[in-house]
Structures are given as structure tokens and as C-alpha cells.
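The structure under discussion appears below in the form of C-alpha cells.
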Amino acid sequence: MTTLLPPPLAETPALARLRADVRAFLDEQIAAGVFTPDVDTWLNGFHPDFTRSLAERGWLGMTIPAEYGGHGRSFLERFVVTEELLAAGAPVAAHWIADRQAAPSLLKYGTEEQKQRYLPRITAGELFWAIGMSEPDSGSDLASVRTRGERVEGGWRLTGTKVWTSGAHHAHAFFALARTAPLDPQHRHAGLSQFIVELDSPGVEIRPIRSMNGAHHFNEVHLEGVFVPDELVIGTIGDGWAQVTSELSYERSGPERFLSTYRLLAALAGRGLGDAETGAYVARLAGLHQMSSAVAGALEHHQDVSSAAAVVKVLGTALEGDVADLADRLTEDDPGDPELRALVARAVFHRPGFTLRGGTSEVLRGVIARELGLR
Ligand SMILES: Cc1cc2nc3c(=O)[nH]c(=O)nc-3n(C[C@H](O)[C@H](O)[C@H](O)COP(=O)(O)OP(=O)(O)OC[C@H]3O[C@@H](n4cnc5c(N)ncnc54)[C@H](O)[C@@H]3O)c2cc1C
């Protein structure tokens, strides 16, 4: 049997208590009308006040050490909290990327000054982050990014365009992946670097890309000779590929990769609309919960989880889409429940993105196959 996946973990009484606390808080918030449970809220539910109320309870920056303003708790504790937030359909998009991937990347690769500058504000729910990887001609094949970093006195000048940048119009910063040495066809992953770009810097232009329903979620972020001082280089010049791969592990392995449409499954069950297929999806969900929590445990021990994260994402995002389709089928002839139909419509709208964002399923299957030595 392959060791592709870390071994499953049992939930301790302390974790169960934490889970119950988060659930009780969320029930209160729903009852008080702070939010209405929705689908895909980790990317589309922007609610800075709710983010700050999570911060007040110590549920942001959980894995950040106390010396940087964080709570020094485990990845498993963070897993429990995030799983409950997502299962409740809570609006967590404001802080999601900062808490999920910017913070661990800063801890792993950042300088002392960078950690002090950003981590306390991430923990306080005041600093939002975006992802500066994709470009107009560069998505799956990130090594082909064309954003250039040129050495100048005291730092680097970045020129290029990032695209599909979720929430950049709300974010304070992103890590921009840029080419700092010419592309060598024999070593395509060499010569890449990551920079912290504060999005209010001169030369940054954030242009909205409207979705088909008119919503403003995506952006194109144009960098026109943006000066990044040396102190905002993250990690090592030339090591951008290894850094971005590590960041993607945090991005791909969490419960947001199988719970984006959980509210629909809960709504179907709650209204007695489920069928045998619903039961089958709940079984898939149970397996994904085990796998994703096992990855959280492995992150705790600084293990390489890139292939395990790919497994979670391939299986989890397929389930999210299947749930949207099932709910659509089971409710299409029922005009008597407009609230549920509206929830279904939003899930169906977001569905195409589930298997694309964070790396497409086709590409991730290749990652898994390579790990197994299949190609
Ligand atoms: C909702 C959403 C939010 C996003 N947010 C962000 C963000 O905040 N920041 C950011 O940087 N990016 C973001 N993205 C972009 C996302 O990461 C890319 O869409 C994704 O990586 C695919 O890249 P692409 O769109 O350029 O498609 P391409 O890479 O052009 O792929 C096109 C098709 O070819 C297939 N393909 C490509 N290469 C291979 C291969 N080697 N083997 C098999 N098939 C292959 C793909 O699976 C896909 O079906 C977001 C995307 C979505 C949908």
C-alpha cells in the first residue's frame, strides 16, 4: 500500500470541545442574523466584521506562534475550526487566504522583520491577502509566468499582469511570482522568485473582471514597474518554484476543498429531500474529512504534503460539484422553496470553478501519478 496519504487521526476530547464551542458560536451568529449560511463562502463571503469577531475569539492565526501575535495552536485545532466555519456556510473570505497560506509561507520563508510586520495583523483579522500566481497565458504551467523582476538599486522592479486574482480589490498584499532570470528550457523551474507586493504601491493597478452574474470577485492586477524593496523579497531569489509549491500544499489540502457546497447537502437532508445518492455523497464526505484532517496532522510535523493535498483536492472538488448537480436535479421541479432554489443556483454558478481554482484536476492527477512513479 502506498504511503501517499498520511495515516488518519482520531479526534481527541479537547478537539471535540473546541468543535462544540465553534458550533455554539456559529449558531448564535446565525440566530442574531449576522450571516445567512451560504455556499462557497470561503472565496465569496466577504464580511470583515465577522472576520474580526473570529479574531477576537482566537480563531485566526491559530498556528502562528505567540511571538508573532498568534495563538501557537496546532494545525489540527485550526482544521476543526475551519471545518466548522465552512460547514456552517459562514462568510470567511476576507481573511481566508491570509490565514491559510500567507501566514504559513511567511513563517517558513519570511524574514524576522516580515513576520513582525504582517503576522500580528493577520491574526487580528485586519490584513487581507490575495494570490498572485496566474497570468493571462500562465495558469497550470506556472513556470511560464512572464512577470519580470529586474534588479535595481535597493530592490526589484516588477512588471507584468496577474489575472483571476480573487479579492485583490479588498486585499492589502499578495506574493507575486515573477521571473528574475531568463527562462532556461532545460531548467524551467529555475529563475523564479516571490515578492511581497503591497497592493497600494505606486504602479499597481487593480482592474475588476466581472463574473457572468455581474459580481466582482476576480481582478486583473497590472504591475507597472512596481518597486519592491529588498526587505520585501520573500525567501530566496531563484527559489520561487519550491516556495510556490509549498504554498500550494496549504492551498489545496484543507476542508474548503470538499465543503464549498456542504450547505446544500445539509439543506437537502433537512428538508427530507435526500435520496440514496445523498447518502453516497455523505459517505464520500466522511472519507474526505479523514484524509484532510490527516494532512493537517502531517503539516504539524512539517511533512511534504503536496501529493496528499492533490488527492484531497481532486476527490473533494469533484464531490462539491456532484452535490451541486444533485441538488439541482432534486429541486428543479419544486418552485415552492425559493430560498433553497436560490442556494442551488449560487452553487451551480460557482461549480465550474471548483475543479479549476488552486490547480485543475487534470494537472493534479498528473502530480499524483508522478508521485507514484506512474509516469
Ligand atoms: C474561482 C477561481 C478563483 C481563482 N483565483 C485565483 C487567484 O486568486 N489567484 C491566482 O493566481 N489564480 C486564481 N485562479 C486561477 C487558477 O489557478 C487557474 O485558472 C488554474 O490554475 C488553471 O489555469 P488556466 O485557467 O490558465 O488554464 P490552463 O492552464 O490554460 O488549462 C486549460 C485546460 O488545459 C488543461 N491542462 C493544462 N495543462 C495540463 C497538463 N499538463 N495535463 C493535463 N491537462 C492540462 C487544464 O486542466 C484545463 O482544463 C482562480 C481560478 C478560479 C476558477
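The values are calculated or read from the model by the stated rules, or taken from the named source; none is laboratory data. In this text the structure is predicted, and so the values were computed from the model without any measurement. Neighbour counts are summed over all protein chains in view; Cβ atoms, including those assigned to glycine, are modelled from backbone coordinates with ideal geometry. Note: areas computed on protein heavy atoms with side chains; ligands, DNA, RNA excluded. Shrake-Rupley method; radii C 1.70, N 1.55, O 1.52, S 1.80 Å.
Look at region 193-222: where a residue is assigned to a strand (DSSP E or B) and among the small types (Gly, Ala, Ser) and a partner is open to solvent by less than 40 Å² (accessible area, probe 1.4 Å) and within 14 Å of the ligand (Cβ to nearest atom), sitting 6+ places away or on another chain with Cβ atoms under 8 Å, you get 193/177; 193/178; 193/240. What do you reckon, is residue 292 open to solvent by less than 20 Å² (accessible area, probe 1.4 Å), within 14 Å of the ligand (Cβ to nearest atom) and not aliphatic (A, V, I, L, M)? No. All told, residue 201 meets the bar of being away from the ligand (no atom under 14 Å from the Cβ), closer than 19 Å to residue 224 by Cβ, of a type in the set (Gly, Ala, Ser) and surrounded by fewer than 22 Cβ atoms within 10 Å (Cβ to Cβ).
Within 13 Å of the ligand (Cβ to nearest atom) and in the same structural domain as residue 253 (by TED's automatic domain parsing) - does that describe any residue in region 322-334? Within region 322-334, none of the residues are within 13 Å of the ligand (Cβ to nearest atom) and in the same structural domain as residue 253 (by TED's automatic domain parsing). The single condition among (1) under 21 Å from the mean Cα position of the chain (by Cα); (2) open to solvent by 60 Å² or more (accessible area, probe 1.4 Å) that residue 64 does not meet is (2).
For the residues 333, 304, 337, 328, the requirement of being surrounded by fewer than 16 Cβ atoms within 10 Å (Cβ to Cβ), farther than 25 Å from residue 7 by Cα and free of Cβ contacts under 8 Å to residues at least 60 places away in the same chain singles out 333. Restricted to region 83-117, and to residues there that are polar (S, T, N, Q) and open to solvent by less than 10 Å² (accessible area, probe 1.4 Å), the residue that is farthest from the chain's Cα centre (by Cα) is 114. Taking region 129-151 as the range and being within 9 Å of the ligand (Cβ to nearest atom) and open to solvent by 10 Å² or more (accessible area, probe 1.4 Å) as the test, the residues that pass are 131, 133, 134, 135, 136, 137, 139, 140, 141, 142. Out of the residues in region 343-375 meeting the condition of being away from the ligand (no atom under 16 Å from the Cβ) and within 24 Å of residue 280 (Cα to Cα), tell me which one is most open to solvent (accessible area, probe 1.4 Å). Of everything passing the filter in region 343-375, 345 is most open to solvent (accessible area, probe 1.4 Å). Scanning region 251-264 for residues that are in contact with a Lys or Arg (Cβ under 6 Å, 6 or more places away or on another chain) and under 11 Å from residue 306 (Cα atoms) yields a total of 1. State whether the residues of region 50-73 include one that is within 16 Å of the ligand (Cβ to nearest atom) and out of contact with any Asp or Glu (no Cβ under 8 Å at 6 or more places or on another chain). Within region 50-73, none of the residues are within 16 Å of the ligand (Cβ to nearest atom) and out of contact with any Asp or Glu (no Cβ under 8 Å at 6 or more places or on another chain).
Can you confirm whether region 250-269 contains a residue that is under 22 Å from residue 160 (Cα atoms), crowded, with 23+ Cβ neighbours inside 10 Å and touching a Ser or Thr at 6+ places or on another chain (Cβ under 6 Å)? No.
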